[in-house]
Amino acid sequence: MCNPVNAYHEAVKRFRTLDPGDAAARSGARYDRDRRILEIMYFGSLYMVNGDGAVWRADDPSAEVSFNDRTLIVQYLCESSGLPPRGAWLSFLELPDGSHHYMPFQTDAAIPLAGVFGRRPEEFDEAARALGGRPLDLGDRSFLIPALPKIPLAVVIWEEDDEFPAKSNILFDSVSPLHLTTAALWVLGVELARKMIAHYDREAGRKREITWLEGVKRD
């Protein structure tokens, strides 16, 4: 398990040794050679990364980027294999060593999504589209979410009815383990759930924040 502070600093340390043009080619980011800045899409928004590993939103440079978001972006730029999405979905349990984080993933991502959106299908659609999502044909409602250029996620919900409670799931393109570790993919999935919930209820989304790789919610 990675120390939450070291997760970002270790990623930045490695990032500073990379050729930015190579990182862009592998990850699907764009390298602006004149400005020496990488431009990368993350959950439907454009982010900028300079040579020191600093990360900011293109549309709001002064806003603080959360620890999880900047760690995931820098780790992805370091680790991405260059392979494109395969269009085949894996559950979290099917990821390498997914059983190690499966129950926290349910607690921090799938169960909260079902609790918030199980009776709110229109709000589910709106939250997914706000992250750049496009509809899929899974469950009762589902969307493909472009989390990172080569890591699409699928968010699926089965609505509550008279017989069954609401259920949700987040699926990973089968290429995902070649771009990020399973522990990082866990955080990516939790961030998807948190961002969707925050779109509906900002305070509820804030309460779903976790400390990097530790599964500890902030008060």
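The fewest-to-most ranking of Asp108, Asp69, Asp34 by surrounding Cβ atoms within 10 Å reads Asp34, Asp69, Asp108.
The C-alpha atoms of the chain define a longest principal axis, and helix 121-130 lies at about 10 degrees to it. Near Ser168, the amide H atoms lying under 5 Å from its own belong to Ala114, Trp158; only residues 5 or more places off or on other chains count, and H is placed 1.01 Å from N. Within the stretch 102-160, report the trypsin sites (Lys or Arg not before Pro) that DSSP leaves as loop and that have at most 14 other Cβ atoms within 10 Å. Answer by residue number: Arg119. May I ask for the angle, rounded to the nearest 10°, between helix 182-200 and the longest principal axis of the chain, with both axes built from Cα atoms and the value confined to 0 to 90°? Here the helix axis deviates by roughly 60 degrees. Per-residue ellipticity at 222 nm from helix content only, as computed over the chain with -39500 (n - 2.57) for each DSSP H run of at least four residues, stands at -10500 deg cm²/dmol.
Checking [x] 20.8, 70; [y] 17.1, 51; [z] 16.8, 60 against the coordinates, the calculated Rg and Dmax of the Cα atoms in Å falls under label [z]. Select from His100, His199, His179 the residue whose mean-square fluctuation is largest in a Gaussian network model of the chain (Cα-Cα springs shorter than 10 Å). Looking only at His100, His199, His179, the biggest GNM fluctuation is shown by His100. What percent does the relative contact order of the chain come to when contacts are Cα pairs within less than 8 Å and at least six residues apart? Worked out over the chain, it gives 22 percent.
A short reminder: the numbers here are calculations on the coordinates, not readings from a lab. Owing to the predicted nature of the structure, the values given are computational and were not obtained by experimental measurement. Glycine also receives a Cβ, built like all others from the backbone with ideal geometry; neighbour counts cover every protein chain displayed.
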